[in-house]
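All of the numbers you see were taken from the coordinates with simple rules; none came from a lab. Fair warning: this is a prediction, and the values are worked out from it, not measured in the lab. Here the Cβ positions follow ideal geometry from the backbone for every residue, glycine too, while neighbour counts run over all protein chains shown.
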Amino acid sequence: MKEFLVYMVTGALALFTVTGPLPAYAQETPSSTPPPGEAAYTAEQLDQLLAPIALYPDALLGQVLMAASYPLEVVEAARWVRDPSNGALKGDALTAALANEDWAPSVKSLIPIPQVLEMMDTHLEWTQKLGDAFLAQEADVMNAVQRLRSRALAAGTLTSTEQQLVVPQGQTIVIEPANPEVIYVPVYNPVAIFSPWPYPAYPPYYFPPPPGYIVEPTLITGFYFAAGIITVQWLWGWDHFDWHRHRIVINAHRFNVINVRRPPITHNIWLHDRYHRRGVPYPNPAMRERFERGRPAPPNIRRDFRGYDHIQRITPPRLSPPPGRVPRAGPPRTTVPQPPPRSQAPRRVPPSTAVPRTPPPAFQGYSNGAEVRRDAERGRESRGTVPQGRFAPSRNFAPSRDGRTPRSSGETRRRPDGDGFRR
C-alpha cells in the first residue's frame, strides 16, 4: 500500500512538471460555479458561442441573451415580423399589435430589429445553446463577453466609431450607442476581429448579414454596421448589465408595461420566467429541478407515460380507522388456513307437523322389493327367448313366428356348448 501511494504522488508531480502552467485565458476562474448536475460549458465553448454578439451594445446584448432562453417565442416573433402587414407597423400601431402577443419583453424588444431576430431564427440550434448556457452559467457568460472584448481591444479591432462608443471602466468594457435614439447592429467576422483565434478546436460562429441588408463599412477591416434603426422608446433601454455582480438589472415599471399579459413584478433583477419557455425542455435534470420546482406534471400526463390504458378501474373502498385512532405498527400478520364452514343443521320440526319424507332415488330398491322382483322376472323371461352370444340382441336374432331363429347372410358356427356367434 505504501509503495502504491509513493507511485501515485510521483506520477502526479511528473505530470505537473511536463505540462507546466496553463495559458492565461484558461486560468481564469469563474465567479460562480454552476449548480451540481448542470452541464458546464468550458471557456473555449463559451467564447465560441458568444463571438458573434460579444461586441453588440450592452442593451442589445442583454436582450439577445434573455430572449435566447425562450427559443420558441423567438421563432414565433421572427415569423410574425416576416409578415409584410406586421413588418410595416410603426409607433402606436406597433404598440397595439404587440399588446395582443403573449411574448417575453426581451422577445418583443427585438421586433424593431428584424436582422437580429432573423439571425436567431435561422441559427436556432445556436440560439438554444446560447440560452441554455446563459441560464446555467450567467456569470461565466458575462466573463466570456468581457474576455472577448478585451482581446478585440488589445488587437485594435474594437474602438469607438460614429455608431457606438467603447468605454473601458477598469477591467470592464462597456459598449453604448453613440446616439441613444439610433441603434446600429455590428456585423463582423470573429476570426478577423479576434485574431489570432486561440482555440483551433472550437472555431467561432460566424453569421454573415442576410441578403438585402445594407451594411456600412468602417475603417476597421472586417467590421461593419447594419443600417441604423430608430429606437422605439418603450421597447428600448429598460435593461443594463451589472458586470461586477454578474446580473442584468431591469426597470420593473417599464418591464411590466411591455409584459402586460403576465402578473407584474416588483424586483429589478431579471429572472427567467418558465412560462415563456413554452414547453421547450431544459437540457438536464438539474435545470429542470431548478426552474420547474413546484410544478408537477398533470396526473393524466404522468399516466400516459406509464402506459395507462385509459380504462376506469373501480376498486372497493378501504376501511380507515376511526378518527383519532392511530393503528399500531407491528410485525406482519400471518394468515392461518381456516377449515371450511360446516353446513347448518336442518331445523327440527315438531312430530305433529312433520311431513313424511320420500326416500332418495338411490335407496328406492330397498323399500319397493315387489317391483324389483317383478322387473327381474320380466328380464329373465326376455333373456330366455334370445340365444346367448357375445353380442347384444339385434333384429337378426329376433325369433320368427314359427319359433326358428333365422340365419344371417354370413356363416354361423356353433361352439360345443350350443352358443352361436357370427364371424
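A few points about this structure:
- Relative contact order for the range 42-291, counting Cα pairs under 8 Å that sit 6 or more residues apart, in percent: 27 percent
- Label-zone membership for the range 127-156, site A286, 7 angstrom Cα→C-beta point, backbone N under 15 Å: 132-141
- In terms of surrounding Cβ atoms within a 10 Å radius of their Cβ, T157, T266, T122, T127 rank from fewest to most as T266, T122, T157, T127.
- For the range 166-198 and the range 52-112, distance of Cα centres in Å: 22 Å
- Virtual spin-label span in nm between E176 and A252, 7 Å along Cα→Cβ: 2.5 nm
- Amide H to amide H distances under 5 Å link R247 with D242, where only residues 5 or more positions off or on other chains count and H is placed in the peptide plane.
- Note on L165, L65, L94: ascending count of other Cβ atoms within 10 Å places them as L165, L94, L65, the fewest first.
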